[in-house]
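The values are calculated or read from the model by the stated rules, or taken from the named source; none is laboratory data. Remember, predicted model here, so these are calculated numbers, not experimental data. Because the Cβ atoms are built from the backbone with ideal geometry, glycine has one as well, and the counts that use them run over all protein chains shown.
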Amino acid sequence: MSFRAAFQATLAATVLSAACAFAPLHAAEVGGVKIEDTATVAGKNLVLNGYGMRQIFVVKAYAAALYLTEKKGSAADIQAMTTPKRVALHIQREINSDEFGQLFITSMNKNSTKEEKAKVVNQTVKFGEMFASLEKVKKGDVVTLDWVPDKGTVSTLNGKQIGETLPDIAFYNAVLRIWLGDSPVQNDLKRSLLGEK
């Protein structure tokens with residue numbers, strides 16, 4: 001190989017390496033959805049704990065990702081954390097807002113005791129109304145459900161807050177149990193969110 005050819009090969013490798021260094025990093029891909037390996041909530045950097053696809057029969061509903069300040073492998077440990085948390089839902093099919101809200105509420109009720117439901121009933125009603133106020137969610141939309149310490153549960157659609165902040169961590173834990181409870185929406189998704197890949 002001539003000096004010129006060697007120099008060009010080295011230059012090309014350097015440029016490619018630099019391009020890779022500045023390219024956005026994705027921890028993984030599930031069902032064609034790129035999942036970011038970090039998130040920022042309340043100024044804290046969170047790491048990806050786990051991710052997976054929610055399917056209803058053979059239809060992809062959404063890709064879910066769970067972010068925490070440190071990785072945890074048990075639902076109880078995750079609920080005990082008071083630091084920032086995020087559940088990100090990458091929507092894969094158009095869903096009527098009433099249906100979307102109802103799916104949340106049904107799963108929350110299924111995974112909460114009578115006492116747990118009573119504690120957060122007002123916030124649960126507001127949560128349902130919040131999603132019902134949307135026209136619909138579409139493929140490509142991203143819903144985030146964040147726990148922000150000293151503030152509460154902040155929900156967004158494509159980066160814009162939906163409804164009001166719901167203050168009780170017991171409510172956020174009720175939301176988490178949709179995916180991490182004893183009767184999760186999908187057992188293999190629960191295992192995936194807990195990092196059991």
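Worth pointing out:
- Only one of the numbered conditions (1) hydroxyl-bearing (Ser, Thr, Tyr); (2) in contact with a Gly (Cβ under 7 Å, 6 or more places away or on another chain); (3) at pLDDT below 95 is violated by SER97, and that is (2).
- Of the residues VAL120, VAL148, the single one that is of a type in the set (A, V, I, L, M) and more than 18 Å from the chain's Cα centre (by Cα) is VAL120.
- Out of VAL175, VAL185, one residue alone is of a type outside the set (D, E, K, R) and part of a loop (DSSP other than H, G, I, E, B). It is VAL185.
- Looking only at the range 102-133, and only at residues there that are over 12 Å from VAL175 (Cβ atoms) and among the small types (Gly, Ala, Ser), the one that is modelled with the highest pLDDT: ALA118
- Taken over the range 145-197, the residue count meeting the criterion of being more than 23 Å from LYS117 (Cβ to Cβ) and touching a Phe, Trp or Tyr at 6+ places or on another chain (Cβ under 7 Å) is 1.
- Residues that are closer than 19 Å to VAL185 by Cβ, without any contact (Cβ under 8 Å) to a residue 60 or more places away in the chain and not small (Gly, Ala, Ser), drawn from the range 63-102: TYR67, LEU89, HIS90, ILE91, ARG93, GLU94, ILE95, ASN96, ASP98, GLU99, PHE100, GLN102
- Each residue in the range 150-174 was checked for being touching a residue at least 60 places away in the same chain (Cβ under 8 Å) and in contact with a Lys or Arg (Cβ under 9 Å, 6 or more places away or on another chain), and 2 of them qualify.
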